[in-house]
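K.L.:
One structure, pasted below without further comment.
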Amino acid sequence: MLNKNVISRSVKFIGVFILFIYLSGCTSVGCQPLGDIEKTSVEQLIAKGKTTSDAIRAELGEPTQISFTDAGNQIWTYLHVATTPRLQNFIPYIHIVSSVDDAKQKELVIIFDENDVVKNFTMTESQQEIRRGIFPS
């Protein structure tokens with residue numbers, strides 16, 4: 001007969017092991033500071049007509065992409081994507097047939113005027129599923 005303490009420890013170990021495997025598969029790409037910022041924080045960080053490109057660069061680093069408008073204004077885009085695998089991905093052989101990651105994407109677009117001051121900005125967040133495998137649907 002098994003001791004209750006042995007069973008309890010085994011269950012805890014299995015739970016911690018599954019959590020470790022689940023969290024070890026998390027990945028993120030893009031602007032890391034943007035991953036930690038919420039929309040309300042961005043609105044406090046950036047003030048239209050006041051915040052300069054140097055202040056943005058000091059806070060968020062280099063943009064993911066820089067482009068220009070017809071008028072010559074700069075558009076900076078910051079992108080951050082974080083993915084977390086679902087538990088089914090760690091079941092042997094099942095992940096070959098179908099695996100799913102949950103992805104959270106944040107995109108911050110800032111338009112600067114000719115004096116390198118913020119003219120306008122927008123931030124979007126979206127949730128997506130990334131499916132792979134022989135039968136990804």
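The values are calculated or read from the model by the stated rules, or taken from the named source; none is laboratory data. Note that this is a predicted model, so its numbers are computed, not measured. Counting neighbours? That spans all protein chains shown, and the Cβs are built from the backbone with ideal geometry, glycine included.
K.L.:
Cβ-Cβ under 6 Å, sequence separation 6+ or interchain: first residue in segment 118-137 and aromatic (Phe, Trp, Tyr), partner not in a strand (DSSP E or B). Which pairs?
P.N.:
Between residues of segment 118-137 that are aromatic (Phe, Trp, Tyr) and residues that are not in a strand (DSSP E or B), the close pairs are PHE121/ILE46; PHE135/VAL97; PHE135/SER98.
K.L.:
Now for a separate question. Among the residues of segment 116-137, write down those that are within 28 Å of SER41 (Cα to Cα) and surrounded by fewer than 13 Cβ atoms within 10 Å (Cβ to Cβ).
P.N.:
Scanning segment 116-137 gives THR122, THR124, GLU125, SER126, GLN127, GLN128, GLU129.
K.L.:
Still on this structure, I have one more. I'm trying to understand the selection: among the residues of segment 33-60, which are under 16 Å from the mean Cα position of the chain (by Cα) and either at pLDDT 95 or above or within 17 Å of VAL117 (Cβ to Cβ) (or both)?
P.N.:
Result: VAL42, LEU60.
K.L.:
Output the residues belonging to segment 38-72 that are crowded, with 16+ Cβ neighbours inside 10 Å and touching a residue at least 24 places away in the same chain (Cβ under 8 Å).
P.N.:
Correct list: VAL42, ILE46, THR51, SER53, ILE56, LEU60, PRO63, THR64.
K.L.:
Let me ask something else about it. Among the residues of segment 96-111 satisfying the criterion of being of a type in the set (A, V, I, L, M, F, W, C) and touching a residue at least 60 places away in the same chain (Cβ under 8 Å), which is nearest to ALA55 (Cα to Cα)? Don't jump to the end; show me each part of the working.
P.N.:
Residues of segment 96-111 that are of a type in the set (A, V, I, L, M, F, W, C), as a first pass: 96-97, 100, 103, 108-111.
This time we only want the ones that are touching a residue at least 60 places away in the same chain (Cβ under 8 Å), so: 108, 110.
Numbers: LEU108: 15, ILE110: 12 Å.
Among those that are of a type in the set (A, V, I, L, M, F, W, C) and touching a residue at least 60 places away in the same chain (Cβ under 8 Å), it is ILE110.
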